[in-house]
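So the structure is just underneath, and the comments pick up after that.
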């Protein structure tokens with residue numbers, strides 16, 4: 001997308017909830033470029049990161065570019081420790097952005113050049129837990145997974161401490177629950193083990209999920225998972241509560257569910273097919289259906305829920 005359109009108000013679909021509106025903040029482009037993450041900082045600012053190292057900040061209804069020493073790696077996740085924002089990418093790349101000085105440094109870790117940091121989570125000591133595996137798997141390419149969980153010092157001066165690794169597994173997601181336990185979604189090519197990472201860096205299997213768990217989310221006081229029930233990820237989605245096998249739900253013809261977010265009384269899921277669901281009832285209800293392709297991530301704020309996805313699409317769902 002060569003030029004940025006500051007604001008495109010648009011109703012993407014007649015919605016099932018009265019007073020609901022979708023405001024398009026950046027129009028999806030045809031080329032295969034995407035926002036993969038949207039993150040709300042502690043000061044309330046919202047950052048977006050995506051393909052080829054793009055990183056922006058939402059200012060009102062405008063997106064402003066943030067300058068980093070970009071090496072073209074795809075930004076996958078954003079996290080914050082105090083006044084430092086950490087930006088995880090593929091090609092073994094991490095960025096650290098200082099909010100006070102508005103400067104950033106880049107670190108490419110030796111031995112991780114062909115791996116991606118698919119998720120990042122600060123631990124109780126201010127260090128960074130990262131997980132992932134071979135770059136390209138996130139786009140459905142065939143690779144040996146080479147999955148790992150590692151701990152990295154927030155100064156980015158030390159080599160990563162490998163806590164767990166497996167040649168034939170990929171770790172898609174990390175999440176901290178209400179008790180402070182850290183869960184990891186470990187995929188073996190067919191099914192997922194949601195495991196607990198203890199203080200010594202040992203993984204303890206907790207719950208088996210059929211299919212691929214793409215994301216773990218602590219929402220509405222529950223540790224929940226979502227993803228797809230089979231390798232045909234473009235077909236169906238799935239979600240449920242970790243530890244409750246009866247909650248496992250398959251949504252036909254949704255595409256895989258990328259993530260979950262809570263908003264007021266809603267439990268919202270979003271999918272590879274660009275569909276946004278209310279999952280609070282036994283029969284998932286479509287809230288919005290976009291024409292911009294996959295929705296990869298979302299975050300709630302005082303104005304509604306901000307969604308990002310394929311083709312640098314960015315839109316806000318407002319409930320009145």
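Before moving on, here are some points about what is shown:
- Rounded, prolate or oblate (a/c below 1.5 giving rounded, otherwise prolate when a/b exceeds b/c) for the range 25-128 by Cα gyration tensor: oblate
- Whether the range 33-76 is rounded, prolate or oblate, judged on the alpha carbon gyration tensor where a/c under 1.5 counts as rounded: prolate
- Spherically averaged projected area of the convex hull of Cα atoms, the range 177-266: 6.0 nm².
- Residues in the range 51-68 reached by a label modelled at residue 101 [backbone nitrogen below 18 Å; 7 Å Cα→Cβ]: 67-68
- Three semi-axes of the equivalent ellipsoid, the range 228-320, Cα gyration tensor, whole Å, largest first: 20, 17, 10
- Expressed in Å, the radius of gyration and Dmax of the Cα atoms of the range 163-228 are 11.2, 35.
- Proxy reagent accessibility, fewest Cβ within 10 Å first, across 204, 310, 169: 204, 169, 310
- Which of 289, 161 has the fewest Cβ neighbours within 10 Å, and the rest in rising order: 161, 289
- Under conditions of 4 °C and 1.567 mPa s, the range 49-200 yields 82 µm² s⁻¹ as its translational diffusion coefficient, taking Rh as the Kirkwood radius over Cα pairs in the Stokes-Einstein equation.
- Principal axis dimensions, the range 128-191 - Cα atoms, whole angstrom, descending: 33, 31, 19
- Fluctuation leader among 136, 211, 60 - the chain, Gaussian network, Cα springs under 10 angstrom: 60
- Cα centroid separation - the range 226-302 against the range 53-111, whole Å: 27 Å
- Three-way shape call for the range 113-268 based on the alpha-carbon gyration tensor, with the a/c threshold at 1.5: oblate
- Computing Rg/Rh (Cα atoms, Kirkwood Rh) directly from the structure and comparing it against (i) 0.98; (ii) 1.20; (iii) 0.94 singles out (iii).
Values quoted throughout were computed directly from the atomic coordinates according to the rules given, and no laboratory measurement underlies them. Source: prediction; values computed, not measured. Glycine also receives a Cβ, built like all others from the backbone with ideal geometry; neighbour counts cover every protein chain displayed.
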